[in-house]
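Take a look at the structure below.
The values are calculated or read from the model by the stated rules, or taken from the named source; none is laboratory data. What you are looking at is a predicted structure, and each value in this text was computed from that prediction instead of being measured. Neighbour counts run over all protein chains shown; Cβ positions are idealised from the backbone, glycine included.
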Amino acid sequence: MKKGLQIVLVAAISTVVWLMGTVYTPLALAITPITLKDLSYTSCPEEFAEGMVAAGSIQSANCYMVIGTAVNASGKPVIDADVFGQIYDAEDNPVMQNRFRLGGIDEVPPGESPFEIRVSIAANQPEPFKLEKFKAAGFTGRVR
């Protein structure tokens with residue numbers, strides 16, 4: 001094969017590969033923010049609470065459900081939304097140091113919808129708890 005033809009062929013293949021990488025980007029990779037409002041917490045039902053231990057230790061823990069409303073303004077269903085936030089005890093101590101991802105929501109339809117996530121909090125952390133800086137983000141399609 002002539003050298004000039006090889007250069008043209010390599011350039012053509014490179015252009016096709018580049019176009020596939022930039023033009024064909026799956027929409028699922030776009031992170032969609034979800035607003036969380038009307039936040040509160042309650043003790044878990046009995047079937048969730050039995051035998052709880054605090055994350056990363058053998059310390060006894062209590063089970064709580066963080067509940068609220070998820071607001072999806074994107075107009076598309078959001079899948080696998082990660083929930084982030086900070087929880088403080090009655091003495092303003094963080095109940096989960098160095099941990100901001102608290103759970104997930106499987107699917108958030110467009111508009112407003114209720115959500116709940118389960119969290120374990122060390123039994124020695126005094127109530128009432130303060131829920132701060134809560135937000136969520138997910139994808140408009142499955143990410144593999």
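Exactly one residue out of ALA90, ALA137, ALA122 is of a type in the set (Gly, Ala, Ser) and crowded, with 17+ Cβ neighbours inside 10 Å, and it is ALA122.
I'd like to know if the range 42-56 contains one or more residues that are within 18 Å of the chain's Cα centre (by Cα) and modelled with pLDDT of 95 or more. Taking every residue of the range 42-56 in turn, none turns out to be within 18 Å of the chain's Cα centre (by Cα) and modelled with pLDDT of 95 or more. Checked against (1) within 23 Å of PRO33 (Cα to Cα); (2) buried (at least 17 other Cβ atoms within 10 Å of the Cβ); (3) of a type in the set (S, T, N, Q), SER113 passes all but condition (2). Restrict the check to the range 14-25 and report whether at least one residue is outside any helix (DSSP H, G or I) and either farther than 17 Å from ALA123 by Cα or at pLDDT below 90 (or both). Yes: the range 14-25 contains one or more residues that are outside any helix (DSSP H, G or I) and either farther than 17 Å from ALA123 by Cα or at pLDDT below 90 (or both).
Checking every residue in the range 67-80 against the condition of being basic (Lys, Arg) and either over 23 Å from ILE117 (Cβ atoms) or modelled with pLDDT of 95 or more (or both) gives zero matches. Would you pick out the residues in the range 99-144 that are aromatic (Phe, Trp, Tyr) and either free of Cβ contacts under 8 Å to residues at least 40 places away in the same chain or not in a strand (DSSP E or B) (or both)? Scanning the range 99-144 gives PHE100, PHE129. Looking across the range 73-98 at every residue that is among the aliphatic types (A, V, I, L, M) and in contact (Cβ under 8 Å) with a residue 60 or more places away in the chain, the one that is nearest to LEU36 (Cα to Cα) is identified as VAL78.
For the range 107-143, the set of residues classified as over 19 Å from GLY75 (Cβ atoms) and among the acidic types (Asp, Glu) consists of GLU116, GLU127, GLU132, listed by residue number.
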